[in-house]
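**Q** Starting off with a structure, shown below.
The values are calculated or read from the model by the stated rules, or taken from the named source; none is laboratory data. Treat the numbers as computed from the prediction; the structure is a model and nothing was measured. Positions of Cβ are generated from backbone atoms using ideal geometry, with glycine treated the same way; all protein chains shown enter the neighbour counts.
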Amino acid sequence: MALPSDYPEPQQPAAVAMRSVCKRFPGVVANDDVDFDLREGEIHALLGENGAGKSTLMSILAGLYQPDSGSIRLHGELVRFRSPRDAIARGIGMVHQQFMLVSSLTVAENVALGMPEPRFLVARSRIEREVHALSERHGLHVDPSAFVWQLSVGEQQRVEILKALHRGARVLVLDEPTAVLSPQEVAAMFEALRALVDEGRSVVLISHKLDEVLRAADRLTVMRHGRIVASGMPARWTTREELARTMVGRPVLLDLQKKPASPGDAVLRTSHLAVRGDKGLLSVRDLDLEVRAGEIVGIAGVAGSGQRELSEALAGLRPVESGAVELGGRDATRWTTRERIDAGLGYVPEDRAVEGAVGALGIDENLALKAYRKPPLARGWQIDREKMTQIAKERIREFDIAAPGPSTAAGTLSGGNLQKVILARELSAGPKALVAAQPTRGLDIGATETVHKLLLGLRDKGVGVLLISEDLEEILSLSDRIVVMCQGRATGTLSAQDANPEAIGLMMGGAASEDA
Amino acid sequence: MRAGGWQVRLEERLESGARRSWMGPGVAIVAAFLLGAVLIAAAGLDPLQIYGHILHTAFGSAWGWSDTLVKATPIMLCGLGVAVAFRMRLWNIGAEGQLWMGAWAASGVALGWLPASTPRPVMLAVMALAAMAAGAAWGAIPGWLKARMGVSEIITTLMLNYVAFQWVCWFVFGPWSERGFQLTPQFPSSAWLPRLSDAAHLSPSFSGLTVHAGIGIALIAAVVVSLLMDRSRWGFEVRVTGDGPRAAQHAGMPIARNTVLALALTGALSGLAGMSEVAGVVHRLQDRFSPGFGFTAIIVAWLAGLRPWAVVVVSVLFGGLLVGGKEIQPAGIPQMLQGLVLLVIVGAEGIARYRLRVSRAEAGA
């Protein structure tokens, strides 16, 4: 593996120099003797798997955490941030994955929040003018007088960046900024970031998306288990494969070997489906969908396009407003969740810790969450605990779940292992159709690989899989057919051969395709 | 906090509470007694002497044990019921009212719905069933309101306590009153639960022991609840729903139905407590026969970590506290200790989530 000293030192002056930073949390060392260099005028990507320590490192830079030891120099000067306020005052702005915006306030009001002056009275028109000028100058278009709740996720992100710029940020840290954007929005954002660094600012991009990082960043730093494993390597000097290997610590198969699909009869179908969201508005409208046995149908779309409501309606967790759901050729529109499970519908929910499993219960009990009703687990009114333990042991071996034992509380498992427990449960039930919602969100590369293999294996065994994901790469590499959703509607259907990110991106933005 | 180069911080713990779960109740009881000792000493009394007296009165003799078990019986039954509801995160604080309704229904059976000449086993069985039905209904009302309309069971179960109390008062002061006093006539002896003293002809040592068959009923109930929660499919659903309601929904568990059932079961057990109290102790219904067994049961269930067998043990402990504290001046020491136990437990829940970390403050900067 390349050492930091192998690369030529960049010529620009240092913006940030973090030295020997250590940060411990109970039970983990999040940052272990970390050095990090950021130059003026560069986009620097910070890569690593979940728990590698990249967010912790940047939270230290942004004043959210205090390091246990180590130092930070800002433009050569030793600094010590006691709070985010200190960091902001010194020109460091962080845009978190979860936006910190007040949705009932306008864009301008959100920008004004937390400003040191004036203390009581805010001249709204002045702020609006300032925000407008700022957004025009940096190509971050957003209406300053719009309420935040009216904005798309991409626009909200621009507000966050504007907020940081308005406070005079010279160093901008973006935590996984592209997770919620369509490809076109991503391209626009990278363009805006490039313009910012051309003015001499610096940008840190926390990410685990290899392609994006290679496209957008000047230099890359990779972390693994709290340590730096590659420091400041120029993006053009490396490849996707090398980066993945550096992140994970072993070679990774990035491109899946996929047999051609041989689809059978429809196992899951919707016709003119309409579903209401939590606010009572129609989140899914007039949706026709068909998943046949032995194929993977991918649902692509930016976050909040109705994917969640669709999957819940399919699982019987959300009432259907109009239209129909069919399971195995039978009308299941009014069926309960249990009836759908019994008819062979598997479901990998979006929120695995809350919807997919019970953290306080053991792996064995989580595996029995649906099967407890029937033999062999059910014995009269009783549950056969020995059988439950025995089955759990088998699944742990079969699915390679890393856990001390079958009664280990599910809440103590890593995201990847928890997802394996959920998949083990759903797959062992012998489903005819499986709805997988964001099955690899937040998982590291290794676990993602496992989940993908399991889903493909399921397809090859003749199960119809509906894959709902915001990760376009995942959709493209797994699906046999792709349906793009935008604002609750299907804006296009593509076969895997015809699909490319650009075409899908346009449909995600609402442009209907001709062959829909 | 910083002092001389060292810094002390309160840090949130990450590991879950499995390891400290068994320690919790024991530590809470000891801490409560220590705090209580301070308060007693502050009142100018000798805490050791008072605790010694409580211990001796409650557990120092056969009569002490007998009285303790009598007091423990209703607490145990209500506590078992409350533990089931709490396990499903249903905050039933209506065990007291459910106990009153059970006592009322059992009294109705004894006072004339069945003739006094009814054979004792039949009479007692019908009384028990009627009490369970009345308590179950009293629990099912909040359950139904919660399941169908999302009404908070905390409010409804609490309010129904007052309704139950007034309902019993109306009967006791009105139609069932004995010569205008606020109590009913005594039940026919066929409606009395057998006492240990009834068997004095077998062994003279049984004479004067008022412990009655209610404790047997409570122990059977503990077996049933324990099997139900740990072994049955229904118990599994209750535990899953309590710990992960959304996951239970995703697994297709009948949450609405189980909400009604769990609260009805709590009510049935509390109702049984009411029956055991009127048929085993006072042999009549009167307006203040319960000193708040149903409320004490909440503390007991919580202290027992919602485990049925722990409920049995803790109930006996609290029964002993009631018996031992009876003759103590100032009165109210048992209640004070009960309150302290709850306070310490609730406090410990919060404190246990954190731990102190002492480290060297970083130099420089």
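**Q** Would you say A:Glu449 is among the acidic types (Asp, Glu) and surrounded by 22 or more Cβ atoms within 10 Å (Cβ to Cβ)?
**A** It is false that A:Glu449 is among the acidic types (Asp, Glu) and surrounded by 22 or more Cβ atoms within 10 Å (Cβ to Cβ).
**Q** Something else about it: Which members of the range A:165-177 meet the condition of being surrounded by fewer than 22 Cβ atoms within 10 Å (Cβ to Cβ) and either in contact with a helix residue (DSSP H, G or I) (Cβ under 9 Å, 6 or more places away or on another chain) or in a helix (DSSP H, G or I) (or both)?
**A** The answer is A:Leu165, A:His166, A:Arg167, A:Gly168, A:Asp175, A:Glu176.
**Q** Moving to a separate point now. With respect to the numbered conditions (1) part of a helix (DSSP H, G or I); (2) more than 14 Å from chain A (Cβ to nearest Cβ), which one is the sole condition not fulfilled by B:Gly235?
**A** For B:Gly235, the exception is condition (2).
**Q** Could you run through the range A:309-352 and say how many residues are within 14 Å of chain B (Cβ to nearest Cβ) and assigned to a loop (DSSP other than H, G, I, E, B)?
**A** 12
**Q** What are the residue pairs meeting all of these: first residue in the range A:24-50, first residue on the phi < 0 side of the Ramachandran plot, second residue among the aromatic types (Phe, Trp, Tyr), Cβ atoms under 8 Å, and 6 or more apart or on different chains?
**A** A:Leu46/A:Phe36
**Q** What's the number of the only condition in (1) in contact with a helix residue (DSSP H, G or I) (Cβ under 7 Å, 6 or more places away or on another chain); (2) buried (at least 17 other Cβ atoms within 10 Å of the Cβ); (3) more than 9 Å from every other protein chain (Cβ to nearest Cβ); (4) in a loop (DSSP other than H, G, I, E, B) that A:Val358 fails to meet?
**A** (3)
Residues are listed down the side, and each one gets a yes or a no for (1) more than 26 Å from B:Thr210 (Cβ to Cβ); (2) in contact with a Lys or Arg (Cβ under 7 Å, 6 or more places away or on another chain); (3) more than 14 Å from chain A (Cβ to nearest Cβ):
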| site | (1), (2), (3) |
| --- | --- |
| B:Thr259 | yes, yes, yes |
| B:Leu317 | no, no, yes |
| B:Gly324 | no, no, yes |
| B:Val341 | yes, no, yes |
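**Q** Moving to a separate point now. Filter the range A:196-239 for residues that are among the acidic types (Asp, Glu), in a loop (DSSP other than H, G, I, E, B) and over 9 Å from A:His44 (Cα atoms) and give the result.
**A** A:Glu199
**Q** Given the conditions (1) crowded, with 18+ Cβ neighbours inside 10 Å; (2) touching a strand residue (DSSP E or B) at 6+ places or on another chain (Cβ under 7 Å); (3) more than 30 Å from B:Ser152 (Cβ to Cβ), report the number of the one that B:Ile217 does not fulfil.
**A** That leaves (2) as the condition not met.
**Q** I've got another one for you. Can you tell me which condition A:Gly51 does not meet? The list is (1) within 14 Å of chain B (Cβ to nearest Cβ); (2) under 30 Å from A:Leu243 (Cα atoms); (3) modelled with pLDDT of 85 or more, and all the others hold.
**A** Among (1) within 14 Å of chain B (Cβ to nearest Cβ); (2) under 30 Å from A:Leu243 (Cα atoms); (3) modelled with pLDDT of 85 or more, A:Gly51 violates only (3).
**Q** Which of the following residues is surrounded by fewer than 23 Cβ atoms within 10 Å (Cβ to Cβ), part of a helix (DSSP H, G or I) and not hydrophobic (A, V, I, L, M, F, W, C): B:Pro291, B:Pro334?
**A** B:Pro334
**Q** For the range A:379-408, which positions are part of a strand (DSSP E or B) and buried (at least 18 other Cβ atoms within 10 Å of the Cβ)?
**A** The one that is part of a strand (DSSP E or B) and buried (at least 18 other Cβ atoms within 10 Å of the Cβ): A:Ile383.
**Q** Which one of the conditions (1) closer than 21 Å to A:Glu176 by Cβ; (2) surrounded by fewer than 23 Cβ atoms within 10 Å (Cβ to Cβ); (3) more than 14 Å from chain B (Cβ to nearest Cβ) does A:Arg85 fail to meet, given that it meets all the rest?
**A** All conditions pass for A:Arg85, except number (1).
**Q** Pairs needed: first member in the range A:153-172, in contact (Cβ under 8 Å) with a residue 40 or more places away in the chain; second member anywhere, assigned to a helix (DSSP H, G or I) and among the polar types (S, T, N, Q); C-beta distance under 7 Å; at least 6 residues apart or different chains.
**A** What qualifies is A:Val159/A:Asn110; A:Leu162/A:Ser135; A:Lys163/A:Asn110.
**Q** Ok, one more. Determine whether B:Ala110 is among the aliphatic types (A, V, I, L, M), crowded, with 20+ Cβ neighbours inside 10 Å and in contact with a His (Cβ under 9 Å, 6 or more places away or on another chain).
**A** yes
**Q** Turning to a different aspect of this structure: Tell me which residues, restricted to the range A:222-243, are aliphatic (A, V, I, L, M) and in contact with a helix residue (DSSP H, G or I) (Cβ under 6 Å, 6 or more places away or on another chain).
**A** Matches in the range A:222-243: A:Val222, A:Met223, A:Val229, A:Ala230, A:Ala235, A:Leu243.
**Q** So which residues in the range A:35-69 are among the small types (Gly, Ala, Ser) and either under 27 Å from the mean Cα position of the chain (by Cα) or surrounded by 20 or more Cβ atoms within 10 Å (Cβ to Cβ) (or both)?
**A** A:Ala45, A:Gly48, A:Gly51, A:Ala52, A:Gly53, A:Ser55, A:Ser59, A:Ala62, A:Gly63, listed by residue number.
**Q** I would also like to ask the following. Can you spot a residue in the range B:145-157 that is in contact (Cβ under 8 Å) with a residue 12 or more places away in the chain, buried (at least 19 other Cβ atoms within 10 Å of the Cβ) and over 25 Å from B:Thr241 (Cβ atoms)?
**A** no
**Q** Given the criteria at pLDDT 90 or above and not in a helix (DSSP H, G or I), does B:Val168 qualify?
**A** No; evaluated as a whole, the condition is false for this residue.
**Q** Kindly establish whether A:Gly298 is buried (at least 22 other Cβ atoms within 10 Å of the Cβ), touching a helix residue (DSSP H, G or I) at 6+ places or on another chain (Cβ under 7 Å) and more than 10 Å from every other protein chain (Cβ to nearest Cβ).
**A** yes
**Q** So A:Lys370 passes all but one of these: (1) of a type in the set (Lys, Arg); (2) assigned by TED's automatic domain parsing to the domain that holds A:Arg276; (3) under 29 Å from B:Val225 (Cα atoms); (4) surrounded by 17 or more Cβ atoms within 10 Å (Cβ to Cβ). Which condition number does it fail?
**A** A:Lys370 satisfies all of (1) of a type in the set (Lys, Arg); (2) assigned by TED's automatic domain parsing to the domain that holds A:Arg276; (3) under 29 Å from B:Val225 (Cα atoms); (4) surrounded by 17 or more Cβ atoms within 10 Å (Cβ to Cβ) except (2).
**Q** Restricting to the range B:158-174, give me the number of residues that are in contact with an Asp or Glu (Cβ under 7 Å, 6 or more places away or on another chain) and surrounded by fewer than 17 Cβ atoms within 10 Å (Cβ to Cβ).
**A** Result for the range B:158-174: 1.
**Q** Follow-up question, since we're still on this one. Look at A:Gly442 and say whether it is away from every other protein chain (no Cβ under 11 Å) and farther than 29 Å from A:Gly328 by Cβ.
**A** For A:Gly442, the condition - away from every other protein chain (no Cβ under 11 Å) and farther than 29 Å from A:Gly328 by Cβ - is met.
**Q** Would you say A:Glu185 is without any contact (Cβ under 8 Å) to a residue 24 or more places away in the chain and not β-branched (Val, Ile, Thr)?
**A** When the stated conditions are applied, A:Glu185 does not pass them.
**Q** Now for a separate question. Looking at (1) modelled with pLDDT under 90; (2) over 19 Å from the mean Cα position of the chain (by Cα), which is the one condition that is false for A:Val186?
**A** (2)
**Q** Given the conditions (1) farther than 24 Å from A:Arg245 by Cα; (2) out of contact with any strand residue (DSSP E or B) (no Cβ under 9 Å at 6 or more places or on another chain); (3) more than 13 Å from every other protein chain (Cβ to nearest Cβ), report the number of the one that A:Glu77 does not fulfil.
**A** A:Glu77 satisfies every listed condition except (3).
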